[in-house]
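Structure first, then comments.
Computed from the coordinates by the stated procedures, all read-outs in this text should not be read as laboratory data. This is a predicted model, so every value here is computed, not measured. Every residue, glycine as well, gets a Cβ built from its backbone with ideal geometry; the counts of neighbours run over all protein chains shown.
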Amino acid sequence: MRIAVGGFQHETNTFAPSKADFAAFAQADSWPSLQRGPALLDTFRGMNIPVAGFIDAAQAAGHELVPLVWCSATPSAHVTEDAFERITGMLIDDLKAAGSIDAVYLDLHGAMVCDHFDDGEGEILARVRHVVGSKIPIVASLDLHANVTEKMVANADALIAYRTYPHVDMVETGARAAAHLDAIFAGLPRQAKALRKIDYLIPLTAQCTLTEPAAHLYRALGNFDGAVLGNGRVSSISLTTGFPPADIKDCSPSIIAYGDTEAAAAEAADKIAAAVLASEKDFREKLWQPREAVAYAIANSAANGGPIILADTQDNPGAGGNGDTVGVLAELLAQNAQRAALGVLFDPESAAQAAEAGEGAHVRLKLGAKTGGADEKPIDAEFDVVKITDGEFLATGPFYGGSRMSLGVTARLRHGGVEIVVASRKAQCADQQMLRHIGIDPTRLAILVVKSSVHFRADFGPLAREVLVVESPGPNTADLAKLHYKHLRKGVRVMPEGKAFA
């Protein structure tokens, strides 16, 4: 068959300080730059990303792939109208120029909010549907954090989401999307759909599928693959735990099920929804304040056995933070922490100053706290410039693995017993090579601060003696009750077992 392939990914934190313009999608960062045309089919080979899994599986099945456009940008505030319209325009133009096709596959996120649309993916799918008509199947992969809408479900034949957080199954998800299309080509009848929305929000750090209660919920999800319920078979089911810092009506966990009959899809969706509702109380977790977290880590660190990891979740660039707040770093310095490191701090100005001074120099910097939106001041101090790199390296961990990362000019700075990796581009610290490429061995640290919420657990988790989730200032608010929501649908509880939005 002849399948058009494209993708447009953004996870929007409507409370974040910076928007995603066209340049944010055009540049390389943690993922490749905007791809258009034949290069799209080769760029992603070996990467843990859905489009790579789809391409490999579809080509192995003998299908002809027609490349459209693919791009992503680091999570941030809204996608600008200019960026959305330019990129979607490219995708639609290429689709119209593709000629006769048998299907469309799109690598989407599911939590895109634009300046002019709350439902970015719903609009993309609707425009694609308008071009191809009602009979051509459209299948899309989604992130586990998607805020799924009725418009998305209505305009796709199947939405298939990741089942792990950290997202180590992105390739597998793309392959599952390809398998679903193959089933359609083989005669799978037009599937009935069921969408269930859950009326409470789950903080990102509590959504980790390595820990309870998400772990058992996703194990249960697998039991419905291909299950026969009543008078029909379930072809696909997904649970998306949602992206909570998105102030839109459809923000919340969702279940999307597909089956040969409405009854089969509905029963599968209802059973998973009931399990999620029964687990509500178990999604609450402890949050540490910076001072107590650093003091605990210093008191409990050891000469060996791996670092205590402090997750600076509220400044996570993977959730809309800019990666440049200094609340935890200030505590490391104030409490004279030893064998400690922080990664990755976004500060192009300081990275450039350190590079100009050169390795071995001592340089006075006003570090961090320039764009992160937190009410704090930069750290004004002398730093040793230990090493400078161009920020280009191959990621090797389970999450970013295979991605050629591009952090721009990157500096390894030292102040006392604390080292800081300072980059010129925002990136979530979720791969050991982000430290190792600049000479820091995480296994030799006593304390490691990562600007990440959960993805770090895939590569750093096996090294950690303990993990503390820290509530330091930043736009990815961990206690959702502290966010000033205005547009949630009525009745949604803003925290598990919390107050309902009115």
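Couple of notes before you dig in:
- Long hydrophobic helices in the chain: none of the complete DSSP H runs spans 27 Å or more by Cα along its own axis with mean Kyte-Doolittle hydropathy of at least 1.6.
- Likely footprinting exposure, Val418, Val328, fewest C-beta neighbours within 10 Å first: Val418, Val328
- Shape summary of segment 290-478, radius of gyration then Dmax from alpha carbon positions: 14.6, 38 Å.
- With the gyration tensor restricted to C-alpha atoms of the chain, the semi-axes of the equivalent ellipsoid amount to 38, 25, 20 Å, longest first.
- Model label points for Glu85 and Lys366, set 7 angstrom from Cα along the Cα-to-Cβ axis, are 3.8 nm apart.
- 13 Å beta-carbon shell around Ala183, net charge (K/R +1, D/E -1): -1
- Computed extension gain for Lys135 through Leu277, at 0.36 nm per residue and net of the alpha carbon distance, reaches 47.5 nm.
- Per the Debye formula on identical point scatterers at the alpha carbon atoms of segment 101-226, with no solvent, log10 I(q)/I(0) at q = 0.14, 0.16 Å⁻¹ is -0.66, -0.86.
- Length gained on full extension, Glu172 to His487, computed as 0.36 nm times the residue gap minus the Cα-Cα distance: 110.0 nm.
- At full extension, Glu466 and Arg404 could sit 19.4 nm farther apart than now, given 0.36 nm per residue minus the alpha carbon distance.
- A simple spin-label model places pseudo-atoms 7 Å from Cα toward Cβ; at Glu64 and Ala26 they are separated by 3.3 nm.
- The trypsin sites (Lys or Arg not before Pro) found in segment 457-489 that occupy coil by DSSP, while having at most 11 further C-beta atoms within 10 Å, are Lys486.
- Treating r as the C-beta distance of Arg2 and Glu292 and R0 as 35 Å, the FRET efficiency rounds to 0.05.
- In this label model, Arg284 and Asn231 are separated by 4.4 nm, measuring between points 7 Å along each Cα→Cβ vector.
- Net charge over other residues, Cβ less than 11 angstrom from the Cβ of Ile202 (K, R count +1; D, E count -1): -1
- Ranking of Cys208, Cys251 by count of other Cβ atoms within 10 Å, fewest first: Cys208, Cys251
- More than 24 angstrom apart: percent of Cα pairs within segment 242-391: 54 percent
- Over 28 Å apart at the Cα level, from the set Lys19/Lys193; Lys19/Lys486; Lys96/Lys486; Lys193/Lys426; Lys19/Lys366; Lys96/Lys249, are Lys19/Lys193; Lys96/Lys486; Lys193/Lys426; Lys96/Lys249.
- Shape box of segment 191-285 [Cα atoms, principal axes, largest first, Å]: 40, 28, 17
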